[in-house]
Amino acid sequence: MSTTESTAAAAAKASESTSDTELTSVNPATGEVIATHPVADEEAVRAAVAKARSAAATWSGLSFAERKQALLRWASRLVARSDEFCDLIHTENGKPRDDAYLEMMLALEHIAWAAKNAEKVLKPKKVSSGATMSNFSASIEQRPLGVIGVIGPWNYPVYTPNGSLAYALAAGNTVVFKPSEYSTGIGNFVGKAFAEANPELPDGVFTVINGYGATGAALVRSGVDKVAFTGSTATGKKIMAAAADTLTPVLLECGGKDPVIVAEDADIAAAADAVAYGATMNSGQTCAGVERVYVHKSIREPFIAEVTKILSGVHAGSDDKASYGPMTMPSQVDIVRRHIESALADGGTAVLGGVESVKAPYIEPVILVDVDENSDAVAEETFGPTVTIRTVDSVDEAIELANNSKYGLGSAVFSRKRGVEIARRLRVGATSVNSVLGFAAIAALPFGGVGDSGIGRIHGAPGLLEFSSPHSIAVQRFAIPGMALMSYKRTDATMKMLRKMVPFLHGRNK
Ligand code: NAD
């Protein structure tokens, strides 16, 4: 066995050796065991939710300003421990330390945004009561939902669940967080930092429970007030079905197959640079990473040559010079290999790498051109450092192919003049024009998808509203004599007046 094969085998063996009661966290690059964690069973999950429910009374009773300070202290605590934190992310997830730092930085931006904007977005708002109800004042008050069950993935183990955690907390909810079984230590680090930063708060504002899918399923059944899930579409569908039993609302942030359109007026070098990075960074394990590219025929050759040139200098590894790390989840390696094989079987050509690029736990960059659109490599999420590039005759064709997907998460458009116009025609949750993934780094922009990419939005104002429910309050300030509409005291004179008023208010539109 080669070294890489034995590492992959060790990692797979270590994860197999886990039991129903204990979870073993493994370094994906070396297969070494990092730590073991007790698995929360149904009873432990319910106890965590009960604790969170009792802490919710205190947390939701704080002012926006008090919650803001608690959240900002949490962010500062993560910064204070950032060396240790990034080491742990590197060790448990595999990504380079600098990428770990960037991920942490993005999460901090979101914590700060949620903390500083919650009051503006969620404070009570007066609304017009309308002509026929002018003796009323009307207002909307956004109430916290209560306890939010957050279930996270492993690929961005800090940034991604943070889109639910920080925003749910800022909206006045408490959270019970089940990190992925592949990033358990990282999830616990985040929760512990919150407690360390806020020792005066009751236990239960931010609780972490550990385990596999069964623990996540128990959280869905536990009576939480909303489930905020990030992970694969297949699991998202199971969660939605299970949540239907109790009408528990769900926020689902699922998979993607993000397209990039490179129009004839694109800056070729900039587009190639962004596509090369967006397709392979984090080993391609990015929900909104670049998976398929549609390039205009007039610039096909220079564009493909430039992407190939850039990616020829990009390598997977775990040393300080590596561009990206190992595949975090051993089973993903087989999916990536299968997609490369199907791309080649379905008419595609590898202009860089090929099946031989898969050297588990690492996968070197692979560029596949002219693959049939029905191939799994184009239709299914690959989640590896590969990209398909197809030539199109026109931007219209590119848009049609980009939209012909069950997914609709992120996307990118490269065009000097028509970027926004093309973006508006894409069936997705977000588009970056002349960059990739720009939308994910702007805290005020909501993030989420359509179709199989999910339901609901994290981040920005919609991300705060996701974790609250509107309470409408109508106050009768005085009674108008003869205008008792909702009373058996209503008179014929009132109805006569209404019959004059209604045509005046609503009957004059031509
Ligand atoms: P996954 O679906 O395998 O697991 C996600 C989480 O769900 C884990 O914590 C897992 O333990 C839990 N889980 C599994 N079965 C469950 C069940 N029946 N009930 C409740 N919980 C259950 O996904 P993953 O492999 O961890 O993550 C990769 C996927 O996540 C990719 O598809 C990626 O595109 C997606 N993702 C999406 C976003 C987004 O914002 N849209 C962000 C990051 C990742």
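The values are calculated or read from the model by the stated rules, or taken from the named source; none is laboratory data. Computed from a prediction, not measured in an experiment: that's the story for all the values here. Glycine also receives a Cβ, built like all others from the backbone with ideal geometry; neighbour counts cover every protein chain displayed.
Below is a table of values for the structure above.
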item: Residue match in segment 139-156 (condition: crowded, with 24+ Cβ neighbours inside 10 Å and of a type in the set (S, T, N, Q)); result: yes
item: Wholly enclosed helices (runs of 4 or more DSSP H) of segment 391-510 bearing at least 1 residues within 23 Å of Tyr167 (Cα to Cα); result: 460-465
item: Wholly within segment 224-325, strands (runs of 3 or more DSSP E) carrying at least 1 residues that are away from the ligand (no atom under 16 Å from the Cβ); result: 258-262, 290-296
item: Selection count, segment 164-193, where residues are under 21 Å from Arg97 (Cα atoms), touching a residue at least 40 places away in the same chain (Cβ under 8 Å) and not charged (D, E, K, R); result: 10
item: Unmet criterion (only one of (1) under 18 Å from Gly456 (Cα atoms); (2) surrounded by fewer than 24 Cβ atoms within 10 Å (Cβ to Cβ); (3) not small (Gly, Ala, Ser)) for Asp267; result: (1)
item: Residues being touching a residue at least 60 places away in the same chain (Cβ under 8 Å) and within 11 Å of the ligand (Cβ to nearest atom) - total across segment 423-456; result: 10
item: Residue tally, condition more than 16 Å from the ligand (Cβ to nearest atom) and either in contact with a Lys or Arg (Cβ under 7 Å, 6 or more places away or on another chain) or outside the structural domain of Met104 (by the TED database) (or both), over segment 181-209; result: 6
item: Subset tally (residues that are surrounded by fewer than 22 Cβ atoms within 10 Å (Cβ to Cβ) and assigned to a helix (DSSP H, G or I)) for segment 334-353; result: 8
item: Subset of segment 290-317 that is free of Cβ contacts under 8 Å to residues at least 40 places away in the same chain and closer than 29 Å to Met329 by Cβ - its residue that is surrounded by the fewest Cβ atoms within 10 Å (Cβ to Cβ); result: Gly313
item: Lone qualifier among Val79, Val39, Val49 - being of a type in the set (A, V, I, L, M, F, W, C), modelled with pLDDT of 95 or more and surrounded by fewer than 20 Cβ atoms within 10 Å (Cβ to Cβ); result: Val79
item: Residue list for segment 157-183, restricted to those being within 18 Å of Gln285 (Cα to Cα) and touching a Pro at 6+ places or on another chain (Cβ under 9 Å); result: Pro157, Thr160, Pro161, Pro179, Ser180, Tyr182, Ser183
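Results for (1) in contact (Cβ under 8 Å) with a residue 12 or more places away in the chain; (2) under 20 Å from the mean Cα position of the chain (by Cα), shown as yes or no for each residue.
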{"position": "Pro199", "(1), (2)": "no, no"}
{"position": "Gly204", "(1), (2)": "yes, no"}
{"position": "Thr230", "(1), (2)": "yes, yes"}
{"position": "Thr248", "(1), (2)": "yes, yes"}
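One line per residue, one yes/no per condition, for (1) under 26 Å from the mean Cα position of the chain (by Cα); (2) at pLDDT below 95; (3) among the acidic types (Asp, Glu):
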site: Ile335; (1), (2), (3): yes, no, no
site: Arg338; (1), (2), (3): yes, no, no
site: Val351; (1), (2), (3): no, no, no
site: Val371; (1), (2), (3): no, no, no
site: Glu381; (1), (2), (3): yes, no, yes
site: Pro385; (1), (2), (3): yes, no, no
